[in-house]
Amino acid sequence: MKDIDKSKPVLVTGATGYVAGWLVKRLLEEGITVHAAVRTPENKEKVAHLDQIAANAPGSIKYFKSDLLEEGSYKEAMENCELVFHTASPFTSNYKDPQKELIDPALKGTRNVLETANQVESVKRVVVTSSCAAIYTDATDVQNTPKGILTEDIWNTTASLDYQPYSYSKTVAEKAAWEIAEKQSRWDLVTINPSLVMGPPLNSKSNTSESFTILKQIGDGSLKSGAPKMGFGLVDVRDVADAHFQAGFVPSAEGRYITSAHNTNMFEMTQTLRPKYGENYPIPKSVVPKWLLMLVGPMVNKNFSRQFIRKNVGVEWKADNSKIQRDLGINFRPMQETMEDSFQVLVDNKVI
Ligand SMILES: NC(=O)c1ccc[n+]([C@@H]2O[C@H](COP(=O)([O-])OP(=O)(O)OC[C@H]3O[C@@H](n4cnc5c(N)ncnc54)[C@H](OP(=O)(O)O)[C@@H]3O)[C@@H](O)[C@H]2O)c1
């Protein structure tokens, strides 16, 4: 049980990120001082949206230059903070060397931030942004669970450096976080484990998140010949930010929290955009059959290997999201609202 003093600064690592942006906004609107640890505070395009929010909110923001791979580089930003949100971690399918580009920053970065928490006496709670990817790799993993549904008790045992290395990076990083947390008692650890995050980006100019890449593909015609029924979970970025906020400030928050609103699939997700945008944008109209994907998928997209298609397309995905609703009072937005609000930002900013 940890009571956090809202008059003390709060650290957000990776504050320039898609998910972190909405969390920083919420903190600033609550009048909190945010210590924003970012790689390139001098890059105005990356921080302009945060400065603008801070200018119109009661809270204030202060930037610190930090890198996941540089030991000790979060120390200054963490001084005097009781609460640390560790969101920074690469989320991309566009990598050449998965060890260097995904696993090292996720794992070494988590150790770096949490070992710094061990040195900074003011820290009482650390909230780590993990992922449902630390719980499962493929939709077939869901069917192999004891009750056919993902819960917080389940860990990903199928991802590796060679197969779905992003999921592997999130699994090893979250495991390391629990190992470090369990060796001490001054601060407690809470993890937020979102499924695929969608929802309006606060910065649509320099967005690196894979969420944004997927969203753009729905509107730029990449899926005009159809979308697969690839099972996954979906959640709104604003609900993920609220989940982090509650995980930080609700004294009784504990353990892992599956943060997923909808058990859905790629085709169903795109269809929420048909009523409003179907006439003017190339929103997919039909389901791509699994056999066709098996044939052409690996040639079109390196992430669509036959193994991945076999284990995800046409396979139902299910997660139990009752713990976060019960403990942290999160009410999830409907999928239609999430998707329409996301797409409208791309339209307004002429991204598509
Ligand atoms: N989006 C989703 O669907 C989803 C789902 C589940 C979990 N998550 C998790 O949510 C978190 C945020 O992801 P996101 O979707 O918001 O992606 P994002 O916009 O790309 O944010 C990733 C953040 O990590 C920072 N980062 C990457 N490598 C770094 C390094 N070496 N040193 C310091 N910072 C570094 C990036 O900094 P720069 O701005 O400098 O590049 C960026 O701020 C990640 O932990 C991700 O695994 C995301």
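Throughout, read-outs are computed from the coordinates displayed, never taken from laboratory work. On a predicted model such as this, the values are computed, not experimentally measured, just so you know. FYI the Cβ positions are ideal-geometry reconstructions off the backbone, even for glycines, and counts take in every protein chain you see.
State the antiparallel share, in %, of DSSP beta bridges confined to region 10-348, rounding to the nearest 5.
15 percent
Tell me the Rg and the Dmax, in Å, that the Cα atoms of region 1-154 produce.
My reading of the Cα-based Rg and Dmax gives 16.9, 50 Å.
Once amide H atoms are placed 1.01 Å from N in the peptide plane, what residues at a sequence separation of 5 or more from THR33, or on another chain, have their amide H within under 5 Å of its amide H?
It is VAL10, SER60, by chain and number.
Give me the net charge for the shell around LYS205: Cβ to Cβ below 12 angstrom, other residues only, Lys and Arg +1, Asp and Glu -1.
Summing Lys and Arg as +1 and Asp and Glu as -1 gives +2.
How do LEU189, LEU202, LEU295 rank when sorted from fewest to most other Cβ atoms within 10 Å of their own Cβ?
Ordered from fewest to most neighbouring Cβ atoms within 10 Å, LEU189, LEU202, LEU295 come out as LEU295, LEU202, LEU189.
Treat every Asp and Glu Cβ in the chain as -1 and every Lys and Arg Cβ as +1, leave all other atoms uncharged, and give the resulting dipole magnitude about the Cα centre to the nearest 20 debye.
With Lys and Arg at +1 and Asp and Glu at -1, about 820 debye.
Nearest 10 degrees, 0 to 90: what angle lies between the long axis of helix 104-119 and the longest principal axis of the chain (Cα atoms)?
Approximately 20 degrees, to the nearest ten.
Once the Cα atoms of helix 165-182 and of the chain are each reduced to a long axis, what angle between those two axes, in degrees from 0 to 90 to the nearest 10, is obtained?
So the inclination is approximately 30 degrees.
What is the order of HIS49, HIS262, HIS244, fewest Cβ neighbours within 10 Å to most?
Numbers: HIS49 19, HIS262 24, HIS244 28.
Fewest-to-most Cβ neighbours within 10 Å comes out as HIS49, HIS262, HIS244.
Over every pair of different alpha-carbon atoms in region 10-348, take the mean of 1/r and invert it; report that Kirkwood radius in Å.
Kirkwood radius, region 10-348: 20.3 Å.
In region 10-348, if the dipole is taken from +1 on Lys/Arg beta carbons and -1 on Asp/Glu beta carbons about the Cα centre, which of ALA261, ASN118, SER185 is farthest to the positive end?
Looking along the dipole axis, the top candidate is ALA261.
Just going by the charge dipole of region 10-348, with Lys and Arg at +1 and Asp and Glu at -1 on Cβ, which of LEU202, VAL250, VAL315 is farthest out on the positive end?
Projecting each Cα onto the dipole axis, the largest value belongs to VAL315.
Ranked from highest to lowest mean number of other Cβ atoms within 10 Å per residue, what is the order of the peptides 6-18, 95-107?
6-18, 95-107
For the chain, what's the relative contact order in percent, using C-alpha pairs closer than 8 Å and at least 6 residues apart?
It rounds to 18 percent for the chain.
Once the Cα atoms of region 134-288 are picked out, what are the Rg and Dmax in Å?
17.6, 57
Starting from the Cα gyration tensor of region 247-352, take the square roots of the eigenvalues, sort them a ≥ b ≥ c, and report rounded, prolate or oblate (rounded when a/c is under 1.5, otherwise prolate if a/b is larger than b/c, else oblate).
Because a/c hits 1.5 or more and a/b fails to exceed b/c, region 247-352 counts as oblate.
Can you give the angle from 0 to 90° between the axis of helix 210-219 and the longest principal axis of the chain, with both taken from C-alpha atoms, to the nearest 10?
Result, in degrees: 30.
For region 291-352, rounded, prolate or oblate, judged on the Cα gyration tensor with a ≥ b ≥ c (square roots of eigenvalues), a/c < 1.5 rounded, else prolate if a/b > b/c?
Values: a/c = 3.51, a/b = 1.32, b/c = 2.66.
Here region 291-352 falls in the oblate category.
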